[in-house]
Amino acid sequence: MSKILLTILAISLMLVGCGGNSSKSGGYEILNSDDTQAAVAMITEANAELRKVKTIYRENMGKTEELKSAMGNKEVQKVKEIAGNLVTQIDEGLTLGESAYQKVEKAKEMNINPTYNEYLDLKARAIRKQLDAFEYRKQAAQFLRDSFGGTDPKIVET
């Protein structure tokens, strides 16, 4: 199991334990009186999307070194091709990441335990920071794809 799934499971169990001393429900009223179970299901979906983003990232880690090498060797077409592929992959990751972020935000709006809501707030902020970082990477790749070498071949030679 992934660390994220284990964390969510631990938090879910903690929430069950924090249900209070209700003799009628045995302490499980937290799961009956709010949307925590639905929120957990939504977060599970978000985590699956984030795992896909991680896979895309791992698959493209070597492209950065390949890109640096092509730039160092002044291989304009290769730089543009690698950068173009990176833009496509980053776009796919951003789409998945944004979907995961929206799910976390939606779960935060549900009637859930305040502690779980705080956790979701931190998770949403962390995802947003990662999405911002990937947006900067995308912009850099787009710049290389569109501008490396310029219109004057002598620029690359310098």
- Counting sequence-distant residues (5 or more places) and residues on other chains, those with an amide H built under 5 Å from that of ILE112 are ASP35
- How much length is gained on full extension from GLU65 to GLN37, taking 0.36 nm per residue of separation minus their Cα-Cα distance? 5.7 nm
- Straight-distance crosslink candidates among aspartates and glutamates, where the alpha carbon sits under 13 Å from LYS138 and sequence neighbours closer than 8 are dropped: ASP91, GLU92, ASP146
- Message: Given a Förster distance of 30 Å, report the FRET efficiency between PHE143 and GLN102 from their Cβ-Cβ distance, rounded to the nearest 0.05.
- Response: 0.60
- Task: With r as the distance between the Cβ atoms of THR95 and ASN73 and R0 = 30 Å, compute the FRET efficiency 1/(1 + (r/R0)^6) and round to 0.05.
- Result: 0.40
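Every number in this text was worked out from the coordinates using simple rules, so none of it is lab data. Predicted model only: the values in this text are computed from it and were never measured. A quick note on method: Cβ atoms are made from the backbone with ideal geometry, for glycine too, and the neighbour counts reach across all protein chains shown.
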